[in-house]
Amino acid sequence: MVKPMEGLIEEIRSAYATIGIRVELPVTYGTYYQLACGRCAAFLGVVGDKLLPGQIRTILSEQLDLYTAGLLGCPCGYQKEQVKAVDPGQFLSAAVPDH
């Protein structure tokens, strides 16, 4: 059985993987996780695990245009390339099913 928090972390990993970002090991007390570029492993920031199910895909779907424009993501351009293949409607619908 998957613990609720482990399921949320996997949801966060899956959402970020779609746009070319890896969620690394926890950096503080299992609450924040490093984000790294999926191509060059550059540090991109941190994400917390205090999100509601489905919330990370909602947040990222609102940021897709920023990744497309190169305003978010790694300077190597990997996220910009990955986001071009993402359909915002499908991305958002891949969120955790209703309970």
At 7 Å along the Cα-to-beta-carbon direction for both MET5 and ALA42, put a label point, then send me their distance in nm to one decimal.
3.2 nm
How charged is the neighbourhood of CYS74? Take every other residue with its Cβ under 12 Å from the Cβ of CYS74, and add Lys/Arg as +1 and Asp/Glu as -1.
+2
Under the Karplus relation with 6.51, -1.76 and 1.60 and θ = phi - 60°, whole-Hz ³J(HN,Hα) for the stretch 43-58, x at Gly and Pro, equal 5, 10, x, 9, 9, x, 9, 9, 10, 7, x, x, 5, 5, 5, 5
Given q = 0.10, 0.16, 0.19 Å⁻¹, what are the Debye log10 I(q)/I(0) values for the stretch 4-92, with equal point scatterers placed on the Cα positions and solvent ignored?
-0.22, -0.58, -0.82
The stretch 23-93: trypsin sites (Lys or Arg not before Pro) falling in loop per DSSP and having at most 13 other Cβ within 10 Å
LYS50, LYS84
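Quick note: the coordinates plus some simple rules give every number you see, no bench work behind them. Since the structure is predicted, the reported quantities are computational estimates derived from the model, not experimental observations. Don't worry about glycine lacking a Cβ; one is built from the backbone with ideal geometry, like all the others, and counts go over all protein chains shown.
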